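Only one structure is covered here, and it is reproduced in the block below.
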Amino acid sequence: MNKTQLRAEYKQKRSALSPGHQLRLNDLLLLQFQQIDFSGIECFMTYWPMQHQAEPNTHLFSGYLRHMIPGLNILYPKVNGKDSMDAILINEDTVYDTSKWGITEPRTGPVFSPQDIDMILVPLLVFDRKGYRLGFGKGYYDRFLAQCRQDAVVVGLSYFEPVDAISDTHEFDIPLNIGLTPDHIYEF
């Protein structure tokens with residue numbers, strides 16, 4: 001299936017999840033996440049989940065890492081123009097704003113270079129068996145990931161098992177290193 005077809009299908013599948021089922025799936029995703037080797041991770045980029053898109057609760061994952069890795073730098077994306085975003089360091093005093101698209105971002109904070117990031121959690125609707133992810137179609141993350149180090153670990157969370165293939169991937173699409181589902185860890 002192509003991106004347009006998959007995007008419609010998986011948005012519908014996610015919106016059909018009951019809040020209780022979503023909580024259970026988040027707990028199962030966290031159990032999978034806890035199996036990853038986090039040695040050498042000092043700088044972790046995540047994102048604020050969009051409730052209206054029924055995204056996995058990424059706060060669980062950053063909270064776990066904050067507990068496991070004292071001194072961890074946690075970054076959130078902030079769109080800085082029409083086609084790019086910055087990685088902003090957050091802390092307990094960070095103030096957030098929600099954009100007109102429903103994306104919650106830090107208002108201000110120190111900007112880190114993409115080259116500083118050791119692991120990045122990327123949003124997606126579904127991924128395929130080669131590690132290619134289906135996002136929301138704006139390309140922000142692929143452009144950002146292209147600036148990251150080759151050894152930065154790119155992780156995606158999906159409530160659903162991967163599809164066989166996304167038929168219309170492009171050369172600028174950057175695959176995941178790890179895809180997590182409630183039942184499996186996929187390494188690419």
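The values are calculated or read from the model by the stated rules, or taken from the named source; none is laboratory data. Remember, predicted model here, so these are calculated numbers, not experimental data. FYI the Cβ positions are ideal-geometry reconstructions off the backbone, even for glycines, and counts take in every protein chain you see.
Cβ-Cβ distances below 8 Å connect the following pairs, each with a first residue in segment 89-113 that is on the phi < 0 side of the Ramachandran plot, a second residue that is of a type in the set (Phe, Trp, Tyr) and in a loop (DSSP other than H, G, I, E, B), and a separation of six or more residues or different chains: Tyr96/Trp48; Ile103/Trp48; Thr104/Trp48; Glu105/Trp48.
Among Ile74, Ile88, which is the only one that is among the β-branched types (Val, Ile, Thr), touching a helix residue (DSSP H, G or I) at 6+ places or on another chain (Cβ under 6 Å) and more than 20 Å from Tyr186 (Cα to Cα)?
Result of the check over Ile74, Ile88: Ile74.
Results for (1) at pLDDT below 95; (2) under 20 Å from Gln35 (Cα atoms), shown as yes or no for each residue.
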position	(1), (2)
His67	no, yes
Asn73	no, no
Val79	yes, no
Ser84	yes, no
Gly109	no, no
Phe112	no, no
Met119	no, yes
Lys130	no, no
Leu145	no, no
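Number of residues in segment 94-110 that are surrounded by 14 or more Cβ atoms within 10 Å (Cβ to Cβ), more than 23 Å from Thr4 (Cα to Cα) and of a type in the set (Val, Ile, Thr) equals 2. Once segment 1-36 is narrowed to residues that are among the polar types (S, T, N, Q) and part of a helix (DSSP H, G or I), the residue that is nearest to Gly139 (Cα to Cα) is Thr4. In the set Leu30, Leu25, Leu72, Leu65, only one residue is buried (at least 16 other Cβ atoms within 10 Å of the Cβ) and over 18 Å from Gly156 (Cβ atoms); that residue is Leu72.
Restricting attention to segment 142-152, the residues being touching a residue at least 40 places away in the same chain (Cβ under 8 Å) and either surrounded by 20 or more Cβ atoms within 10 Å (Cβ to Cβ) or among the acidic types (Asp, Glu) (or both) number 1. Of the residues making up segment 101-150, those that are charged (D, E, K, R), in a loop (DSSP other than H, G, I, E, B) and more than 17 Å from Leu75 (Cβ to Cβ) number 3. Across segment 38-53, the number of residues qualifying as out of contact with any Leu (no Cβ under 6 Å at 6 or more places or on another chain), surrounded by 14 or more Cβ atoms within 10 Å (Cβ to Cβ), at pLDDT 95 or above and not in a strand (DSSP E or B) comes to 5. Considering Thr104, Thr98, the condition of being β-branched (Val, Ile, Thr) and more than 17 Å from Ser62 (Cα to Cα) is satisfied by Thr98 alone. Checked against (1) free of Cβ contacts under 8 Å to residues at least 60 places away in the same chain; (2) within 19 Å of Pro162 (Cβ to Cβ); (3) surrounded by 13 or more Cβ atoms within 10 Å (Cβ to Cβ), Lys3 passes all but condition (1).
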